[in-house]
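The values are calculated or read from the model by the stated rules, or taken from the named source; none is laboratory data. If you're wondering where the values come from, they're calculated on a predicted model, not measured in any experiment. Heads up, the Cβs are rebuilt from the backbone with ideal geometry, glycines too, and the neighbour counts pull from every protein chain shown. For the accessible areas, the whole protein counts, side chains as well, though only heavy atoms, and no ligand, DNA or RNA atoms are used. Shrake-Rupley method; radii C 1.70, N 1.55, O 1.52, S 1.80 Å.
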Amino acid sequence: MKKIWIIGAGPGDPDLITVKGLHILQQSDCILYTDSLVNEELIAKAKKEAEIIKTSGMNLEEIVSIIVDRVDRGKKVARVHTGDPSLYGAIAEQIALLKKEGIEVEIIPGVSSVFASAAAVQAELTIPELTQTLILTRAEGRTPVPEKEKLKDLASHHCTIALFLSATLTKKIMKELKEAGWQDDTPVAVIQKATWPDQKIVRTTLAQLDEAMKENGIRKHAMILAGWALDPNIYEKNSYRSKLYDAEFTHGYRKGVSK
């Protein structure tokens, strides 16, 4: 059976790869990785004799051609993506071409930058009674989004929104969220290079988002989290509580006690 592994490297910190992902990485004969995003310290954990190939300057066909060649030569091949491969990882197109070559793919999930960013700002993105929905999306730039997924329409739900690949589109983000009825003082957290040694966190509001990005020189490698769940003082202003830990709530493991 011809097979390769697509590994989620996590957001940056080399310790945030999964145990399984690290095992495959260390066993592989050939490793192709997105060198513009994946931490070199992680790739350094490969065995000394492994062939290491940087792919930031390659197109899809070039990458797949190398994979096919190495697999046909009996090599164990790992393709390493940043974060989790299933989010903006461009893996579907790779898998489609590899299937035509009779090569199976196993995907090993990774820690997404959205969750690394939430951890960095110590935010719970789904707070009981406030919001129970998280939308993962991107602002429309050179890469279009489907007509029914325009940011203004998604924002009309007024839940927490995580924006990937949108650091250069802050004016557009502000405009569309305001058109969806978001308040100027809605909390926003921008996390650049989450979990990297030079991680930067900027807390601002919707009205000040573009200016805050300019002042901090952030125009790439940034996650934008927006919504009232990003208010670090939300529990000081309201008494949101989950039912799971409510003393009066009965569930399969505990009988509620009336106060």
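Things worth noting here:
- Counting only protein heavy atoms and a 1.4 Å probe, the stretch 112-228 has 50 square angstrom of accessible area per residue.
- Charge dipole (the chain, unit charges on Cβ, about Cα centre) - positive-most of ALA92, LEU206, ALA167: ALA92
- Over 31 Å between alpha carbons, listed pairs LYS172/LYS200; LYS20/LYS193; LYS20/LYS175; LYS100/LYS220: LYS20/LYS175; LYS100/LYS220
- Binned Cα-Cα distances of the stretch 1-106, short to long, each 5 Å bin given as a whole percent: 2, 13, 27, 27, 20, 9, 1
- Answer label, with Rg and Dmax of the Cα atoms in Å calculated from the coordinates and candidates (i) 20.7, 73; (ii) 21.2, 70; (iii) 19.5, 67: (ii)
- Mean ellipticity per residue at 222 nm, deg cm²/dmol - from DSSP H runs of n ≥ 4 across the chain, formula -39500 (n - 2.57): -7000 deg cm²/dmol
- Here the stretch 1-89 has 48 percent of its accessible surface on carbon and sulfur atoms, given a 1.4 Å probe and all protein chains in place.
- The relative contact order of the chain, computed from alpha carbon pairs under 8 Å that lie at least 6 residues apart in sequence, is 19 percent.
- Within the listed set GLU140, GLU62, GLU40, the residue fluctuating most in the Gaussian network model of the chain (springs between alpha-carbon atoms under 10 angstrom) is GLU62.
- Each distinct pair of alpha carbons in the stretch 112-228 adds a 1/r term; the inverse of their mean, the Kirkwood radius, is 14.1 Å.
- Think of a 1.4 Å ball rolled over the protein heavy atoms: the stretch 1-106 then has 49 Å² of accessible area per residue.
- The mean of 1/r over all pairs of different alpha-carbon atoms in the stretch 159-238, once inverted, gives a Kirkwood hydrodynamic radius of 12.8 Å.
- Each Lys or Arg adds one and each Asp or Glu takes one away; over the other residues whose Cβ falls under 11 Å from the Cβ of TYR33, this sums to 0.
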